[in-house]
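Shown next, in C-alpha cells, is the structure this report addresses.
The values are calculated or read from the model by the stated rules, or taken from the named source; none is laboratory data. Everything numeric in this text was worked out from a predicted model, so none of it was measured. Cβ placement follows ideal geometry from the backbone for every residue including glycine, while neighbour counts extend to all protein chains displayed.
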Ligand code: GLN
C-alpha cells in the first residue's frame with residue numbers, strides 16, 4: 001500500500017519546500033523505497049506554460065510534454081527518475097476538471113461546491129500516482145504558505161485525506177522558519193508556534209517540523225518547539241542554510257528525517273541509505289581543480305530562477321570535470337555591435353539561452369558572431385540555436401535580412417519559420433512542440449561522438465523550426481545538421497566543423513541533466529571551455 005507524505009510551508013514563502021521534499025525523497029530512495037514527488041500549486045492558471053518567467057521562474061517540461069513548476073526539475077535532478085503531468089496540479093486544473101464534469105451533467109441536481117466537490121477532486125489527484133502501483137511513497141508538496149486564501153482548499157483536502165486514511169498511512173511535514181534576531185542575538189520560535197497554530201485551526205496537526213535556520217538550534221529550542229507544537233522532540237528537524245542545495249540530503253540524514261518519517265509510517269528502515277555516488281559528486285563539486293567563466297546570454301537575467309535547469313546542469317557538468325563553472329549573466333538587450341567585445345572577451349565559453357519574442361534577440365546574434373569569429377566555445381539552446389542559424393545566414397551565407405519569422409514575419413529569408421500544421425493554431429497554452437522526441441545523430445559528427453550513440457531522445461518546448469528549404473545552402477557553407485528528427489526531418493542539432501565547440505540544440509538538454517547523469521552536451525561544453533581557458 002502506498003504511503004503519503006504532505007509537505008506544507010509556513011511563516012514565509014521561499015523556504016525551500018521543493019528541496020526538502022527532494023532531499024527526503026532521495027534518502028528514502030537510497031534506502032530502497034520507490035518514491036515520487038508531486039506539487040500542487042494554488043494559482044488559477046492551468047499550468048505555468050503561459051506565465052512570464054519573471055513571474056514564476058523557469059517553466060520545466062516533462063517527458064510527456066507537461067509544462068510544469070520548476071520544483072519538478074529539482075525532483076528529477078535529485079531522484080534521477082522522470083516526472084509527468086500527474087506530478088504537477090494547479091487550482092486551475094482542479095476547477096477545470098470539476099467544471100467539465102458539471103457541464104457533462106455529472107452532478108445533475110446538486111449544487112457544486114468547494115467542499116466536497118473541489119476537495120474531492122484534489123484528493124483524487126493526490127492518489128493518482130499512488131494508484132499506479134509504481135510507488136511505495138508519494139510526497140505531495142503543497143505550494144504557497146499556510147494561511148493564504150488560495151491554498152485553503154488544498155489544506156482542507158489534506159485534512160480530509162489524513163482523517164480518511166489510517167494513522168500510519170500518511171503524515172504531514174510542516175516547513176517553517178526560525179528567524180535570528182541579530183539585535184537580541186536570539187533565535188525566535190514564535191513565528192513557528194503561530195504557523196502551527198494556524199494549521200491546527202484548519203484541523204491539521206503536523207507530525208514533523210522542519211525548521212529553516214541560519215544558526216544551529218540547540219536542544220532547549222527543540223524542546224520548546226516540541227512542547228508548543230505538540231510534536232516529539234525528535235520530530236523537530238533543523239534545516240540549516242547550506243552552501244549548496246545538494247548538501248541538504250546529507251543534512252537531513254544527520255537529523256534523521258528519513259528515520260523519523262519511516263517510523264511514523266510504520267515502514268521498516270531497511271538498508272542504510274546508499275549515498276556513495278551522491279557523496280562522490282559532492283566531493284568533486286567542492287574540490288574543483290580548475291575554474292572557468294562562462295557567459296549566459298539571456299533576457300531574463302535579473303531573475304536567475306528563469307534559467308534554473310541551465311545553472312544546475314552547469315553544476316553537474318562542472319563536478320564531472322572537477323571544474324568550478326562561474327556563470328556570468330549577460331543581458332542580451334545590452335549587447336550591441338560596439339560592445340560585444342568588452343562584455344564577452346575573457347570568457348571561456350558562451351551559452352545563448354532559450355527565450356521568446358524579439359526583445360534582446362539582436363544582442364544574442366551579436367554574441368554569437370563574436371564567439372564564432374573568435375573561436376570561443378559556444379552552446380545555443382532552443383532560441384539560442386535559432387539565433388546561431390540566423391547569424392550564420394546573415395554573416396556567412398550573405399543573407400543580410402535572414403531572420404526567424406517570430407522576430408520578423410515579413411523577412412525575405414525566413415531561415416527559422418513555423419511548420420505548416422502549427423500556423424493555424426491560435427490558442428496559447430500547451431500548443432508548442434512539447435516533450436520528449438527522438439533524434440538521429442549523423443555519424444562522424446561532434447554530436448554523435450559526444451553522445452556516444454546515434455539515437456537520442458530530448459525534450460522540446462518551442463514553435464519555430466529550422467527551415468529545411470535553406471538546409472542545402474547551410475551545409476554547403478559549413479554548418480552541419482548533426483541531429484535530425486526521424487519523424488518529421490526537422491533539424492534538432494547544428495554544429496560547425498572548424499570551431500573548437502559550436503553546438504546548437506533545438507531541444508532543451510538542461511531538462512535532462514541530473515546529479516547521477518550530467519548531460520553530455522553540458523559536460524563537453526564545460527570541457528571545451530576548460531581547454532580554451534588552459535590554452536590562453
Ligand atoms: N521562441 C522560440 C520558439 O518558439 C524558442 C523557444 C525556446 O527557446 N524555448 O521556437
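Looking at 217, 225, 221, just one residue is farther than 17 Å from residue 146 by Cβ, buried (at least 21 other Cβ atoms within 10 Å of the Cβ) and more than 29 Å from the chain's Cα centre (by Cα), and that residue is 221. Of all residues in the stretch 422-457, those that are in a helix (DSSP H, G or I) and modelled with pLDDT of 95 or more total 6. Report whether or not residue 182 is more than 28 Å from residue 152 (Cβ to Cβ) and more than 28 Å from the chain's Cα centre (by Cα). So residue 182 fits the description; yes. Candidates are the residues of the stretch 458-487 that are within 16 Å of the ligand (Cβ to nearest atom) and in a loop (DSSP other than H, G, I, E, B); the one that is nearest to the chain's Cα centre (by Cα) is 463.
When you check residue 40 against the structure, is it over 23 Å from residue 247 (Cβ atoms), buried (at least 19 other Cβ atoms within 10 Å of the Cβ) and in contact with a helix residue (DSSP H, G or I) (Cβ under 6 Å, 6 or more places away or on another chain), yes or no? Yes, satisfied.
Please name all residue pairs, on different chains or six or more residues apart, with Cβ atoms under 9 Å, provided the first residue is in the stretch 492-512 and is farther than 14 Å from residue 385 by Cβ and the second residue is within 11 Å of the ligand (Cβ to nearest atom). Every condition considered, the pairs that remain are 511/61; 511/459; 511/461; 512/459. If you check 49, 10 for being surrounded by fewer than 21 Cβ atoms within 10 Å (Cβ to Cβ), in contact with a strand residue (DSSP E or B) (Cβ under 6 Å, 6 or more places away or on another chain) and at negative phi, only one passes: 49.
The one condition from (1) under 17 Å from residue 325 (Cα atoms); (2) surrounded by fewer than 19 Cβ atoms within 10 Å (Cβ to Cβ); (3) within 16 Å of the ligand (Cβ to nearest atom) that residue 531 does not meet is (3).
Going through (1) out of contact with any helix residue (DSSP H, G or I) (no Cβ under 6 Å at 6 or more places or on another chain); (2) closer than 26 Å to residue 78 by Cβ; (3) crowded, with 21+ Cβ neighbours inside 10 Å one by one, residue 329 falls short only on (3). Of the listed requirements (1) within 16 Å of the ligand (Cβ to nearest atom); (2) out of contact with any helix residue (DSSP H, G or I) (no Cβ under 6 Å at 6 or more places or on another chain); (3) over 25 Å from residue 52 (Cα atoms), residue 431 misses just one: (3).
The residues of the stretch 488-504 that are closer than 16 Å to residue 450 by Cβ and either surrounded by fewer than 23 Cβ atoms within 10 Å (Cβ to Cβ) or away from the ligand (no atom under 15 Å from the Cβ) (or both), listed by number, are 495, 496, 497, 499, 500, 501, 502, 503.
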